[in-house]
Structure formats: C-alpha cells, structure tokens
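In what follows, a structure is listed as structure tokens, so that the remarks can point back to it.
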Amino acid sequence: MSNQIEMKNTRILIVDDNRNIHSDFRQILLKSNAGSEKLEEAKEAIFGQATVKTSPALEIDSAYDGHEALEKTLEAERNGTPYAMAFVDMRMEAQWNGLDTIENLWRVQPNLQIAICTAYSDYSWTQIIERLGETDKLLIIKKPFDNIEVRQTACSLIEKWHLLNKLEQIVQQRTEQIQQTRDTAVFVLASLAESRDPETGEHLERIRSYCHILAEELRENSIYSEWIDDEFIENLYRSSPLHDIGKIGIPDSILLKPGTLSEREFSIMKQHSLIGAEALSKTTMNTSGENFLSMATEIAKYHHECFDGSGYPEGLRGKEIPLSARIVTLADVYDALTSSRVYKPAFKAEIAYLMIKEERGRHFDPVVVDAFLARIDDFLKIRMLTQTQSQAEAVI
C-alpha cells in the first residue's frame, strides 16, 4: 500500500508596502522549510528509507498594495492555484488599507484565510468585526513579529483552509447524492400515479424533456426571458412529471374508461388537479428550500387552465396562469395527441403540430406556441427516442 498523502495547498500571499517586511516573512517561513527538510533527511539516514514528508514546502508570493494583491488573487483563481492564506498589513500608504484589501480579496476568494499584521491600534477588534463581520477566517498578529507565532499562524491557517475545502467537497458530494435520491423518489411517485393509467413511463420522460426545450427557447427568444433562469428550468424539469399526481385519487372506472366521460364523470376527473395540488402543498409546508415542490404544486393545479379562460379548476385567463403551468399545458397536450390512450389512437405528428398551432391564443399561450413551433424538430427527436413499439402511431 502506498504511503503517499494528499498534497496540500501551501500558497501564501504577503501584502505589505514595506519591502523589508517581505524579506522578514520569507526568512522566517522559508527557514522553517529548510529545518523540516533537514529533519526528513535525518529520519531517512536513521531508518534507511524515504519517509513521507509531513511539512510540504511553502510557496510565498508578494504584493505591495491592495490592488496588486487583488490582481494576483484573481489570477490565482483563474489558474486554479488559489492562495490558502494571506498576511495583510493593516496600515498601507496606498488607496486601500488592510481592511479594504481584505474585503476585496474575500469577494474573489471567500475561503481565503487572513492574518492581519499591525503595529498600531488603527482599529479595535470590535471595529474590525463591524466592518468585516463575525468570521473565523481572520487572526491578528502584532509587529514586531515573533518567529514562532508567524510560523504557527501560517501552518494553522493553511491546515484550516485545507480542511474547510475538504469539508465543502464532502458536503457538495452528499448534496448531489441527496438530490439524485430525491429526484428518483419524485419520479417514482409520479410513475405511481401514471401506472394506473395506460400511459407509460415514457410519457413522463417526454413531458419533462418537452418542458426543458420550451423553457430554453423562451429564455432565449421571448418576452419571458427575464423570468426564466437556470433555477426556473431546473425546477420545471424536476416538477413537471408530477403534473398528474392527483390521478391517484380518481377511481379506475373513470380514469380507465375507454369511452366518453359523462358530465358527472368528467366533473370527478377534473378533481385530480385539486387533489394533486393539495397533496403537494402539504409536502411543501413540511419542506424548506425546495422551490421545485412549490412549482410542482402550481403545475398540478393549473395545467388544465386555458389561455382564453375556458379551462379548469379556476377558469384563469392569460398571464393569471403561472408560466410553468402554461408550458406544461402545451407539453402535456402535445404528448397526449401523439400517444395512444384508452379513448383514442395516436395522431400523426403533423396533425398534432397543426392542432397546437390552431389553438394559439385559445388553449395555449401564443408565446409558448411560438416557442414550440421554433423547436418542433427537437420535439420530434424526443418523440422518436422515447417511443416504444406499443405506442406505434396510427394513420389518421
């Protein structure tokens, strides 16, 4: 088994307008490196084998005012070689003093560990905290420097930077795992409702793919671009499969009826939008920070509303209908038209295209229809990728 250890970031930035101070830091910190190397050489001579170095060489860089420090920090971030810590002088003759410099450095690299170097009482600790906020990324060392204090400060803050970034990586990995588990659970839940209907799981896959296509087109080429960002598109992709979750509360005799529904039966069928919204709303109240569930609630409730006000459950008109629901409405109807159902065969894609186009401004938001017309080729590709043999199109 290898005796290797993970290489740590040991990059240090010295920010001071006094060049002699830079020489002092280098002498103190690089001398520490030399001593560590001699110790490792002694270990190797005694034990007769190479040992693992526990004190990697420090990399020291210099900046002589706050602006230069910011430029170097920006460059380091761009190159993927960030500084682990910085020694920043409090009193500098340039435009930025130490606190100005730290504020700007943290805007670029929020995790940068800082040691403020001062020989004056320019600011009290209370004033510093009022300016920079309560933080554990900040220490103070006094001039003239104590060599041991400088070395201990550097080693401690470097180790802290390393542990903090390691923790963030672990949190990110766990968060991604939780998101994947959650998305899988949501899709399984949606599939449970669909399993009572002859529609297949491909229906849910197509719905969210169609919605993703429409949302991207609307973001790029529509009056809705300012309302659609990455978060909106991601939430729409996650929540759209839940649009018909309320069907789980509809009796099979109505849900699976091959013929035309009676007025009473259709009244019961329409309740699925309210059933789904109520169930999702209760979930949302017990869950913090899940915006996609809030969107799923509005989609479940309003995806049968029509742009001209003739839909249900509330007869909303135009932009009274949430944008997410307007998008899902078109995606859902298109997939229903091009899929076989218990009450009808599948229409050819060309016929479905014309039917959607004719309902512009009536059933559908005209802007969403325009996005559909612009991306019809992408719809057809999704259709072909997910279509199964049991959903072969009938010629009408």
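The values are calculated or read from the model by the stated rules, or taken from the named source; none is laboratory data. Keep in mind the model is a prediction, meaning the values are calculated, not measured. Cβ placement follows ideal geometry from the backbone for every residue including glycine, while neighbour counts extend to all protein chains displayed.
What pairs can you find where one residue is in region 332-346 and in the same structural domain as Leu204 (by TED's automatic domain parsing), the other is of a type in the set (D, E, K, R) and modelled with pLDDT under 80, and their Cβ atoms are less than 6 Å apart, with a gap of 6+ or different chains? Within 6 Å, the pairs are Ala346/Glu393.
On the basis of being closer than 16 Å to Cys155 by Cβ, surrounded by fewer than 18 Cβ atoms within 10 Å (Cβ to Cβ) and at pLDDT 85 or above, does Asn20 make the cut? Before you say what the answer is, go through the steps one by one.
Details: closer than 16 Å to Cys155 by Cβ: no; surrounded by fewer than 18 Cβ atoms within 10 Å (Cβ to Cβ): yes; at pLDDT 85 or above: yes.
Spelling it out, it is not the case that Asn20 is closer than 16 Å to Cys155 by Cβ, surrounded by fewer than 18 Cβ atoms within 10 Å (Cβ to Cβ) and at pLDDT 85 or above.
Residue selection: Asn111 fails the criterion of being over 25 Å from Leu163 (Cβ atoms), surrounded by fewer than 21 Cβ atoms within 10 Å (Cβ to Cβ) and of a type outside the set (D, E, K, R).
Condition test on Arg383, is it surrounded by 19 or more Cβ atoms within 10 Å (Cβ to Cβ), part of a helix (DSSP H, G or I) and at pLDDT below 95? Criteria met by Arg383. Does Glu320 qualify as being at pLDDT 95 or above, assigned by TED's automatic domain parsing to the domain that holds Pro241 and over 24 Å from Asp229 (Cβ atoms)? Criteria not met by Glu320. Just one of the listed residues (Glu130, Glu159, Glu134, Glu168) is under 17 Å from Thr10 (Cα atoms) and either of a type in the set (Val, Ile, Thr) or surrounded by fewer than 17 Cβ atoms within 10 Å (Cβ to Cβ) (or both), namely Glu159. Of the residues making up region 347-366, those that are surrounded by fewer than 21 Cβ atoms within 10 Å (Cβ to Cβ) and aliphatic (A, V, I, L, M) are Ala349, Ile351, Leu354, Met355. Among residues that are part of a loop (DSSP other than H, G, I, E, B), without any contact (Cβ under 8 Å) to a residue 40 or more places away in the chain and surrounded by fewer than 14 Cβ atoms within 10 Å (Cβ to Cβ), Gly259 is not included.
For region 131-153, how many residues meet the condition of being of a type in the set (D, E, K, R) and touching a Phe, Trp or Tyr at 6+ places or on another chain (Cβ under 9 Å)? Reasoning before the result, please.
Initially, region 131-153 is screened for residues of a type in the set (D, E, K, R), giving 131, 134, 136-137, 142-143, 146, 149, 151.
After this cut, where a residue has to be touching a Phe, Trp or Tyr at 6+ places or on another chain (Cβ under 9 Å) as well, the list is 131, 137, 143.
Result for region 131-153: 3.
Within the set Gly276, Gly289, Gly315, the sole residue that is at positive phi, touching a Gly at 6+ places or on another chain (Cβ under 9 Å) and either modelled with pLDDT of 90 or more or of a type outside the set (Val, Ile, Thr) (or both) turns out to be Gly315.
Yes or no: region 153-160 includes at least one residue that is polar (S, T, N, Q), closer than 20 Å to Glu59 by Cα and within 28 Å of the chain's Cα centre (by Cα). Scanning region 153-160 turns up no residue that is polar (S, T, N, Q), closer than 20 Å to Glu59 by Cα and within 28 Å of the chain's Cα centre (by Cα). Residues that are assigned to a helix (DSSP H, G or I) and of a type in the set (D, E, K, R) within region 135-162 comprise Glu149, Arg151, Glu159, Lys160, listed in sequence order.
In this structure, Leu105 qualifies as modelled with pLDDT of 85 or more and assigned to a helix (DSSP H, G or I).
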